[in-house]
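A.B. asks: Okay, handing you the structure first.
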């Protein structure tokens, strides 16, 4: 995130988060995968856009799959913020994903983190 704070990538306008692990048996009492992994994704988005200001999305659209107990096991979510900023979150308990956040700035470069780990 130092590159972002230093302005190396320009003004941040888009963030993607991909987080997924293959869980053969989904835990029934832990909430859905979005509630388990989504908090990490939203924290990364907030840090990328501005660590000093808490901004809520203006619009959220999401689709996903429900497990037999009506718990979400995968989800793709699009978020729209002010000043034409957007974010996309993909979380899954069905397949392994890259566990990566990618931040896109106005000067055409990006910052990628491969360290989105959940324990």
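Every read-out reported here was derived from the displayed coordinates using simple, explicitly stated rules and does not represent laboratory data. Not measured: the values here are computed from a predicted model. Here the Cβ positions follow ideal geometry from the backbone for every residue, glycine too, while neighbour counts run over all protein chains shown.
A.B. asks: Which peptide among 34-46, 78-90 comes first, and what is the full order, when sorted by highest mean count of other Cβ atoms within 10 Å?
C.D. replies: On the way: 34-46: 18.8, 78-90: 16.5.
With the highest mean Cβ count within 10 Å placed first, the list reads 34-46, 78-90.
A.B. asks: Something else about it: Going by how many other Cβ atoms sit within 10 Å of their own, how do 91, 12, 76 line up, fewest first? Present the calculation step by step, with values, prior to reporting the outcome.
C.D. replies: On the way: 91 26, 12 22, 76 15.
By the 10 Å Cβ count, ascending: 76, 12, 91.
A.B. asks: Would you mind checking the tilt of helix 33-49 against the longest principal axis of the Cα atoms of the chain, expressed as 0 to 90 degrees and rounded to 10?
C.D. replies: Relative to the chain, helix 33-49 is tipped by roughly 0 degrees.
A.B. asks: Which translational diffusion coefficient, to the nearest whole µm²/s, is obtained for the chain from the Stokes-Einstein equation, given a Kirkwood hydrodynamic radius over C-alpha pairs, 25 °C and 0.890 mPa s? Intermediate results must be reported in sequence, preceding the final value.
C.D. replies: Details: Rh = 14.8 Å.
Estimated via Stokes-Einstein, D reaches 165 µm²/s.
A.B. asks: With each pseudo-label sitting 7 Å past Cα toward Cβ, what's the residue 61-residue 43 distance in nm, one decimal?
C.D. replies: That separation, rounded to one decimal, is 2.9 nm.
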